[in-house]
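Here is the structure we will look at, set down as structure tokens.
The values are calculated or read from the model by the stated rules, or taken from the named source; none is laboratory data. Small disclaimer: the values here were computed from a predicted structure and weren't measured. A quick note on method: Cβ atoms are made from the backbone with ideal geometry, for glycine too, and the neighbour counts reach across all protein chains shown.
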Amino acid sequence: MMIVIPAYQPDEKLTGVVNTLISKTNFPIVIVDDGSRADCQPIFAALSDLPLVTVLHHEVNRGKGAAMKTAFQYIYDHCPDAEGVITVDADGQHLPDDVLRVAEAFRSHRDALVTGSRRFTGNVPFKSRAGNAITRFVFAISTGVKVYDTQTGLRAFSRDNIPRMLSLKGDRYEYEISQLLYCCREMIPIVEVPIETVYIEDNASSHFRALRDGWRIYKMILMFVSSSLLSFLFEYVLFLFLSWLTKSWAVSLIFSTAVSRILSSVLNYWLNKRMVFETDNKTSFLRYVVLAVFIFGIHYGLLYLFTMLCGVPKWLAYIIVQLIVYPMSFVLQRKFVFVKDKTVQ
């Protein structure tokens with residue numbers, strides 16, 4: 001296993017992290033100086049003299065994700081015998097025993113992304129507890145996959161996955177969300193290993209900026225679900241237009257629902273196949289048709305219930321029904337329609 005530590009403006013905690021890892025493991029360590037200021041350079045110089053430690057440098061600050069990619073590329077190019085990679089934060093929040101536990105779990109789940117999952121118990125800064133809870137909820141709603149700690153920096157994956165990890169979007173904190181979204185898209189298992197929750201000095205050394213970096217993270221998730229958002233807007237506008245156009249028809253509701261859903265389903269299938277799930281499975285279209293008929297039945301039934309029996313206006317009822325049907329549709333597409341073809345390696 002290879003340990004990767006991205007570091008920006010580190011203090012003595014980085015030295016403590018590296019020395020403790022060396023004393024407790026035999027894992028080679030790759031540290032990336034992400035454009036740190038001049039007074040940090042003695043720390044990197046001293047670390048580069050330690051056994052098993054390689055220090056790489058960025059001339060300017062490029063972000064945590066970019067630093068990890070630099071280390072991944074180095075490992076892929078120079079360490080062909082490495083079985084996997086473990087990423088560790090530089091601020092002492094990841095205990096060596098937890099690093100070893102994640103490494104052990106990886107050996108039992110080599111096809112997975114293994115993460116050290118904090119449970120946020122004890123003296124945890126409110127902004128960290130709240131931020132992770134919100135991101136956890138948004139991630140689950142958007143992907144249909146529950147990950148308790150979406151922002152942990154302690155992760156392990158196979159060296160074979162490095163080329164794909166290098167191609168993922170994001171150069172800063174959003175890169176870690178990009179990794180999780182990639183696993184959801186490719187149906188790579190995410191295995192969470194409970195670890196200690198450690199915050200030193202209320203996380204004062206963190207370079208995470210709530211507004212700037214938070215926006216990058218949520219923008220990445222939003223891009224992941226953009227196909228569904230675009231399809232919904234298209235379907236919603238078309239439904240309202242057809243309802244107005246056919247308001248005098250006895251079958252206005254079912255006609256407007258059927259046409260808008262059929263056309264939006266074609267758009268949604270194409271976007272999901274090309275942008276979200278990225279699959280070449282030849283049977284996905286037939287599966288999608290079967291699922292679309294099933295979802296249409298549920299969609300129309302709920303719409304009829306809300307509009308005809310409960311008296312809810314069509315424009316509002318359609319939004320309510322979509323909020324109910326969307327999570328179900330996404331999960332079923334992920335598990336039933338856009339599955340990997342097992343004959344393709």
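Could you tell me whether residue 164 is modelled with pLDDT of 85 or more, under 22 Å from residue 5 (Cα atoms) and in the same structural domain as residue 82 (by TED's automatic domain parsing)? Steps first, please.
Values: modelled with pLDDT of 85 or more: yes; under 22 Å from residue 5 (Cα atoms): yes; in the same structural domain as residue 82 (by TED's automatic domain parsing): yes.
Considered against the rule, which asks whether it is modelled with pLDDT of 85 or more, under 22 Å from residue 5 (Cα atoms) and in the same structural domain as residue 82 (by TED's automatic domain parsing), residue 164 comes out as yes.
With the structure loaded, tell me whether residue 114 is modelled with pLDDT of 90 or more, over 18 Å from the mean Cα position of the chain (by Cα) and within 19 Å of residue 162 (Cα to Cα) or whether it fails that test. So residue 114 does not fit the description; no. Is there a residue in the range 91-102 that is within 22 Å of residue 174 (Cβ to Cβ), buried (at least 21 other Cβ atoms within 10 Å of the Cβ), touching a residue at least 40 places away in the same chain (Cβ under 8 Å) and acidic (Asp, Glu)? Within the range 91-102, one or more residues are within 22 Å of residue 174 (Cβ to Cβ), buried (at least 21 other Cβ atoms within 10 Å of the Cβ), touching a residue at least 40 places away in the same chain (Cβ under 8 Å) and acidic (Asp, Glu). Among the numbered conditions (1) basic (Lys, Arg); (2) surrounded by fewer than 20 Cβ atoms within 10 Å (Cβ to Cβ); (3) touching an Asp or Glu at 6+ places or on another chain (Cβ under 8 Å), the only one that residue 37 does not meet is (3). Here residue 75 qualifies as among the aliphatic types (A, V, I, L, M) and under 17 Å from residue 159 (Cβ atoms).
As a summary of the residue check, residue 39 satisfies the conditions (1) closer than 22 Å to residue 163 by Cβ; (2) part of a helix (DSSP H, G or I) except for the one numbered (1).
Only residues in the range 174-191 that are of a type in the set (Asp, Glu) count as the first member; pair them with residues that are part of a helix (DSSP H, G or I), Cβ under 6 angstrom, at least 6 apart or cross-chain, and list the lot. Between residues of the range 174-191 that are of a type in the set (Asp, Glu) and residues that are part of a helix (DSSP H, G or I), the close pairs are 174/216; 174/217; 174/220. The set of residues in the range 161-195 being touching a Gly at 6+ places or on another chain (Cβ under 7 Å) and of a type in the set (S, T, N, Q) consists of 178 alone. Of everything in the range 227-240 that is closer than 19 Å to residue 306 by Cα and of a type outside the set (A, V, I, L, M), the residue that is surrounded by the fewest Cβ atoms within 10 Å (Cβ to Cβ) is 236. When each of 273, 282 is tested for being modelled with pLDDT under 85, under 19 Å from residue 187 (Cβ atoms) and outside any helix (DSSP H, G or I), the lone residue that passes is 282.
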